[in-house]
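For reference, the structure is listed below as structure tokens.
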Amino acid sequence: MINKCLFPVAGYGTRFLPATKSMPKEMLPVVNKPLVQYGVEEAIAAGMNQMAFVTGRGKRAITDHFDISYELEHQIAGSAKEGYLTSIRGVLDQATFTMTRQREMKGLGHAILTGETLIGNEPFGVVLSDDLCINAGDSVMAQMVNLYKQFRCSIVAIQEVPQDQTEKYGVISGEALKEGLYRVDDMVEKPKPEDAPSNLAIIGRYILTPDIFDILRDTPPGKGGEVQLTDALLTQAKNGCVMAYQFEGSRFDCGSVDGFVEATNHVYQHIYKA
């Protein structure tokens with residue numbers, strides 16, 4: 001039902017300078033795989049097989065990663081090291097990859113709109129690679145695809161955060177339909193704690209219906225002078241329906257050094273060494 005997943009990967013990754021001066025933050029390895037590969041694997045597990053990347057200058061390493069390296073394959077063919085390529089070979093066999101470039105950094109909403117040419121007129125997933133989600137069962141995107149089959153509207157993934165951290169996130173409020181599922185009636189980008197409508201924060205997983213593109217085209221710059229996806233989703237919620245889903249699983253904020261180290265330790269102990 002949902003075949004495409006969009007990856008906005010044009011950001012600069014300034015919190016990881018100087019490492020990200022010449023290396024995309026999405027290629028930072030969590031143990032032995034780059035962040036963006038974890039996101040692609042999650043999308044594949046949700047039944048998506050067409051990956052669309054909105055990239056920027058200096059991001060060629062992402063394109064190269066999701067391609068065959070003939071020289072490397074030749075050098076390690078028949079050796080014990082060949083097994084290290086198993087996971088990426090599996091990804092390449094299961095999905096196709098297309099890219100377009102965001103020439104200016106004008107916010108997440110602008111990045112999503114830039115990806116319209118790769119998505120077309122169909123619902124699609126969005127994965128922000130900064131957020132690494134680890135699940136024993138269904139992936140977060142798989143959980144959201146199952147919800148989409150029921151509601152057929154845009155869905156955002158949410159989790160509770162400490163009230164003093166709301167300025168880092170888009171925050172929602174809404175009518176609770178059942179435990180962990182809300183129909184959104186308000187959505188604010190990075191509110192101060194005293195202005196936040198709740199402590200339910202949006203994390204980097206979305207399912208969006210294609211009318212979001214027309215809404216984004218008419219959405220003026222918001223917080224920070226950028227086109228905010230949160231503003232467009234609020235318009236969508238007021239004119240139709242947006243659901244917010246409190247997902248099952250663990251999420252690591254790999255856009256921060258602390259979260260990245262925590263994720264690395266978790267993956268090493270519970271996945272890599274298992």
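The values are calculated or read from the model by the stated rules, or taken from the named source; none is laboratory data. Quick caveat: nothing in here was measured; it's all calculated off a predicted structure. Positions of Cβ are generated from backbone atoms using ideal geometry, with glycine treated the same way; all protein chains shown enter the neighbour counts.
Confirm whether Thr114 is at pLDDT 95 or above and more than 22 Å from Ile44 (Cα to Cα).
Taking the combined requirement at face value, the residue satisfies it.
Ile155 - would you say it is under 15 Å from the mean Cα position of the chain (by Cα), in contact (Cβ under 8 Å) with a residue 24 or more places away in the chain and farther than 19 Å from Ala52 by Cβ?
no
Name every residue in region 249-273 that is under 16 Å from Val127 (Cα atoms) and not hydroxyl-bearing (Ser, Thr, Tyr), in order of residue number.
Gly249, Arg251, Phe252, Asp253, Cys254, Gly255
Residue check, Asp131 against (1) over 24 Å from Glu26 (Cβ atoms); (2) in contact (Cβ under 8 Å) with a residue 60 or more places away in the chain, all met but one. Which one?
Asp131 satisfies all of (1) over 24 Å from Glu26 (Cβ atoms); (2) in contact (Cβ under 8 Å) with a residue 60 or more places away in the chain except (1).
From Gly137, Gly170, which residue is of a type in the set (Gly, Ala, Ser) and surrounded by fewer than 16 Cβ atoms within 10 Å (Cβ to Cβ)?
Only one candidate qualifies: Gly137.
For the structure I just gave you, tell me whether Glu262 is at pLDDT 95 or above and of a type in the set (Asp, Glu).
Yes, satisfied.
Taking interchain pairs and intrachain pairs at least six residues apart, which have beta carbon atoms under 7 angstrom, with the first residue in region 2-17 and of a type in the set (Val, Ile, Thr) and the second buried (at least 17 other Cβ atoms within 10 Å of the Cβ) and part of a strand (DSSP E or B)?
Matching pairs, first to second residue: Ile2/Phe124; Ile2/Gly125; Ile2/Ile207; Val9/Phe53; Val9/Val54; Val9/Thr55.
For (1) in contact (Cβ under 8 Å) with a residue 24 or more places away in the chain; (2) touching a Ser or Thr at 6+ places or on another chain (Cβ under 6 Å); (3) of a type outside the set (Phe, Trp, Tyr), each residue gets a yes or a no:
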| residue | (1), (2), (3) |
| --- | --- |
| Ile44 | yes, no, yes |
| Val54 | yes, yes, yes |
| Asp64 | no, no, yes |
| Glu71 | no, no, yes |
| Ala80 | no, no, yes |
| Ala95 | yes, no, yes |
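Just checking: which of the helices (runs of 4 or more DSSP H) contained wholly in region 62-122 hold 2 or more residues that are surrounded by 14 or more Cβ atoms within 10 Å (Cβ to Cβ)?
The helices (runs of 4 or more DSSP H) meeting that bar are 86-94, 108-114, 116-119.
Just need a number here: residues in region 1-47 that are more than 16 Å from Ser129 (Cα to Cα) and part of a loop (DSSP other than H, G, I, E, B).
Adding up the residues that qualify gives 7.
Here are the criteria: (1) buried (at least 18 other Cβ atoms within 10 Å of the Cβ); (2) in contact with a helix residue (DSSP H, G or I) (Cβ under 8 Å, 6 or more places away or on another chain); (3) modelled with pLDDT of 95 or more. Tell me which single one Ile158 does not satisfy.
(2)
Rundown of residues vs (1) closer than 28 Å to Val145 by Cα; (2) surrounded by fewer than 21 Cβ atoms within 10 Å (Cβ to Cβ); (3) of a type in the set (A, V, I, L, M, F, W, C), yes/no style:
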position	(1), (2), (3)
Leu216	yes, no, yes
Lys223	no, yes, no
Thr230	yes, no, no
Leu234	yes, no, yes
Val257	no, yes, yes
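Among the residues that make up region 142-161, is at least one of them in contact with a strand residue (DSSP E or B) (Cβ under 6 Å, 6 or more places away or on another chain), more than 30 Å from Asp258 (Cβ to Cβ) and hydroxyl-bearing (Ser, Thr, Tyr)?
yes
Report whether or not Asp164 is surrounded by 16 or more Cβ atoms within 10 Å (Cβ to Cβ), of a type outside the set (Val, Ile, Thr) and either at pLDDT below 95 or touching a strand residue (DSSP E or B) at 6+ places or on another chain (Cβ under 7 Å) (or both).
no
Checking Ala80 against (1) touching a strand residue (DSSP E or B) at 6+ places or on another chain (Cβ under 8 Å); (2) modelled with pLDDT under 95; (3) of a type in the set (Gly, Ala, Ser), which single condition isn't satisfied?
Only one criterion is unmet by Ala80, namely (1).
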